[in-house]
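Just so it is clear, none of the values below were taken in a lab; they were calculated from the coordinates. Keep in mind it's a predicted model, so treat the numbers as computed, not measured. Cβ: placed from backbone, ideal geometry, glycine included. Neighbour counts: every protein chain shown.
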Amino acid sequence: MTWVVARYAGLIISPTAWAISTQLAQILPYGDCVSDAGWTAFVVAAAAAIAAGAAFLSWQQKSHVISRTHRAMTYVATFSGLSFAFALILQGAATLLLSPCLH
């Protein structure tokens, strides 16, 4: 993985994981209701872990940059990734609290 992609992983990977999780969270509850499975919670937890991992990857790159602008963008990418991970954790909490069979 190149330095640039690793530096901006929080800005690239985290929103992508959130978007995929949000789309799947619209589809999977119907299957969860029929089969009494927890696929929605699993997908949201996996997406939260991916977003947090991307934020951590961005955080690790702060020591590899020299310019202040790139270091600032590394911090922006890190905190953006953490924000998306937090949103996914809240989405997962809602998935666990609400029954998928409620319409």
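Given the rule -39500 (n - 2.57) for each run of at least 4 DSSP H residues, summed and divided by the residues of the chain, what is its mean residue ellipticity at 222 nm, to the nearest 500 deg cm²/dmol?
Counting only the DSSP helices, I get -28500 deg cm²/dmol.
Highest average first, the peptides 33-39, 49-55, 19-25 ordered by how many other beta carbon atoms sit within 10 Å of their residues are 49-55, 19-25, 33-39. Here the ratio of the Cα radius of gyration of segment 22-101 to 2.2 N^0.38 Å is 1.41. Given a Förster radius of 35 Å and the C-beta distance between Phe79 and Ser99 as r, what FRET efficiency does 1/(1 + (r/R0)^6) yield to the nearest 0.05? Result of the calculation: an efficiency of 0.55. Computed from backbone phi with θ = phi - 60° and the Karplus coefficients 6.51, -1.76 and 1.60, the 3J(HN,Hα) list for segment 68-80 is 5, 5, 5, 5, 5, 5, 5, 5, 4, 5, 5, 6, 5 Hz; x is used for glycine and proline.
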